Structure formats: C-alpha cells, structure tokens
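**Student:** I'd like to ask you about the structure that follows.
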Amino acid sequence: MNSPLHALAAPATARIRRWVLRAFPRGQSGIDYDQPPGDPGLFGAGSVTWRIHADFPGMLAGGLCALMLQTLHPQALAGVWDHSQFRTDLLGRLRRTTNFVAGTTYAGRAEAERLIAHVDSIHARVQGITADGRPYHARDPRLLTWVHVTESYGFLEGFRRYAPMALPAGFADRYFDESRRVAQALGARDVPGSEAQVADYFASVQDQLRYDERSREVLAVLARIALPVPAAALSRNLFLGAGSALLPPWAAERLRLSRSQRLQAAVAAQALRRISPLFRLALSDGVAPRACRRVGVPESVLDAWPG
C-alpha cells in the first residue's frame, strides 16, 4: 500500500491498534523475542507456520473457532470446568493462550522450550473425574492431540478465510506437519500431520464428542466476554461470528447453530475479510517482525511463501 493510502487509513488503523493492544497488551508476557541472535526457534523463517501465525485476524478468529470445537469434548472440557476461572477470567485465558502460541512460534528455542515446560507443569495438576464418572488428565496424550488439532485447524482455516495470501497446494500439509512439534513436545501422540490426516482424525473422534449443559454454559460465557475496548459487543460479535464461520459442517451441526446464527456468522466473516487489511497495517510491528530481525532476515519474507 502506498503512502497516500496509508495516510487515508491512518485514523482507522490507529483505532484498531488501540483496540488490539487494550485487549491483548504487549510486553507483559516476559517472553524474549530478540535473543539470542540467529536462533530460529522451533520453526524459523523458512516455515509455513511463521506466515500463518503472523496474521492477527485469522489467528483470533481461528482461536475462537478452536474454543468452540473444544467444548464438544467432555474430558477436555472438564479440565477447563474444574481447574480454570473461565467464568470470570476468560479474557485472561485467551491472553495466556495467545502468548503461548506466539512464544512457541517466534521466540528462540530455549524460550519456546521454557514455555512448553511451564504449560506441562500446569497440566500435571489438571486432573479429575468428568460429570459422567470418567477420569481425565491434561497430560493425556489423546486430549493433548485433540486440543492441538482443533487449534491448528482453526488457525489454518482463519488464514485461508481472512489473510491476503492464497495458500498454495500442499502448504496446508506442511503447516500441519510443522505445527505438531509443539503438541508432541507436550506429550501428544499420533498427531495428524496432513490435511487428510486431520479429516480422518476428526472422523475418528466423533463418538467421543457431545454437546451438553457444560458446552452450552462455556459458549454462553464466551458470547458474553467483556473486552476492554470501545464498542466491545460489536467487536466481540464480529470475531465470534468470524470464528463460527470457520467451523466444519459437522461441528456446526453438533453445536446446534441456528439458521440465524449461521447467517450472522457469514456476515461477520465477510466484514472481517473486508477490514482485515487495516489490522495488518495497524499491527505491522508485532513479534513476527522481531523474530525476523533476530534471525537476520527482512520482514518482507513473511509476505511470500518459502520455497
């Protein structure tokens, strides 16, 4: 975009920047993205993951899609229900997840491994019995795989729907293959590494999924999440709708989305697609460019696919 258009967009991008940084403040995570020089971290500048995770609109909508999917797994949901403050601090949970994904994607290897070890130590304490009497443990490799697949699916579909770069043939497989490194480091097993494997995985877990009272309550809390931004309800509904639009058809059916809700999701998706370039202008100085500087490559590498 040339300078005159930058100037025309400046008032809108300034408002968007304030919106994002109030909802997701920078500099509070303690994650070091600048050291050590040359360290590519877990992925590096030649990865598909660096490109997909650099797109804020797709990542936020995709992350919300993942949360909706996760409400369908009773054992995964039990850990949230019993061991988190989701009713009063859902925004804090979203911020912590955002920091973990950003840190494991863009920080140096030692920092990424520190974050993984920290989350694993939290998982060690998250265990109990579901409402229907089944034991669960956050270190269960099957639950770790479920959470990872829902997130990677959401992030990829968010990129496809809202990012300006078309995804080349085969690059979805590269993304799934790359991104599973974090899940495997946490203890996940048999993690799908291609788009076809993800589709097969979702088909294989259908009999484990259920939409129940807990699902409804968590989704209701999500629908009321209070963002510390102007026009909070409008902003929330835009991204929740855009996230809902990414759900696979079977999940939309299981979540019992009405015709009206599906229409609202389609409208939100169209709106986010139109305004997403403004988010990129407003957030051009995020952690992905910092990681590029750390490894000594121009930020422009993120605007093209690796060979």
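**Student:** What are the residues in the stretch 108-148 that are in a loop (DSSP other than H, G, I, E, B) and basic (K, R), if any?
**Tutor:** Across the stretch 108-148, the qualifying residues are R125, R134, R139.
**Student:** What residue, among those in the stretch 72-107 that are assigned to a helix (DSSP H, G or I) and of a type in the set (S, T, N, Q), is modelled with the lowest pLDDT?
**Tutor:** Across the stretch 72-107, the extreme among qualifying residues is T88.
**Student:** Can you tell me how many residues within the stretch 134-159 are free of Cβ contacts under 8 Å to residues at least 24 places away in the same chain and under 16 Å from the mean Cα position of the chain (by Cα)?
**Tutor:** Summing the residues that are free of Cβ contacts under 8 Å to residues at least 24 places away in the same chain and under 16 Å from the mean Cα position of the chain (by Cα) in the stretch 134-159 gives 0.
**Student:** Return only the number of the condition from (1) under 14 Å from the mean Cα position of the chain (by Cα); (2) surrounded by fewer than 18 Cβ atoms within 10 Å (Cβ to Cβ); (3) within 29 Å of Q206 (Cβ to Cβ); (4) of a type outside the set (F, W, Y) that R96 does not satisfy.
**Tutor:** Only one criterion is unmet by R96, namely (3).
**Student:** Can you name every residue in the stretch 218-244 that is part of a helix (DSSP H, G or I), in contact (Cβ under 8 Å) with a residue 40 or more places away in the chain, farther than 18 Å from F155 by Cβ and of a type outside the set (S, T, N, Q)?
**Tutor:** Result: V218, L219, V221.
**Student:** Quickly run through the stretch 104-134 and pick out the residues that are touching a Pro at 6+ places or on another chain (Cβ under 9 Å), basic (K, R) and under 26 Å from D34 (Cβ atoms).
**Tutor:** Answer for the stretch 104-134, where residues must be touching a Pro at 6+ places or on another chain (Cβ under 9 Å), basic (K, R) and under 26 Å from D34 (Cβ atoms): just R109.
**Student:** From A269, A252, which residue is in contact (Cβ under 8 Å) with a residue 24 or more places away in the chain, part of a helix (DSSP H, G or I) and either open to solvent by less than 60 Å² (accessible area, probe 1.4 Å) or within 25 Å of D212 (Cβ to Cβ) (or both)?
**Tutor:** Criteria check complete, one pass: A269.
**Student:** Related question: For the stretch 277-307, how many residues are modelled with pLDDT of 95 or more, part of a helix (DSSP H, G or I) and either of a type in the set (G, A, S) or surrounded by 13 or more Cβ atoms within 10 Å (Cβ to Cβ) (or both)?
**Tutor:** 13
**Student:** Any idea which of (1) open to solvent by less than 40 Å² (accessible area, probe 1.4 Å); (2) outside any loop (DSSP other than H, G, I, E, B); (3) free of Cβ contacts under 8 Å to residues at least 40 places away in the same chain is the one D173 doesn't satisfy?
**Tutor:** (1)
**Student:** So, in the stretch 14-42, exactly how many residues are touching a Phe, Trp or Tyr at 6+ places or on another chain (Cβ under 8 Å) and either assigned to a helix (DSSP H, G or I) or open to solvent by 30 Å² or more (accessible area, probe 1.4 Å) (or both)?
**Tutor:** 2
The values are calculated or read from the model by the stated rules, or taken from the named source; none is laboratory data. As the structure is a computational prediction, the values presented were derived from the model and not from experiment. Using ideal geometry, Cβ is built from the backbone for each residue, glycine included, and neighbour counts are taken over all protein chains shown. Accessible surface areas use protein heavy atoms only, side chains included; no ligands, DNA or RNA. Shrake-Rupley method; radii C 1.70, N 1.55, O 1.52, S 1.80 Å.
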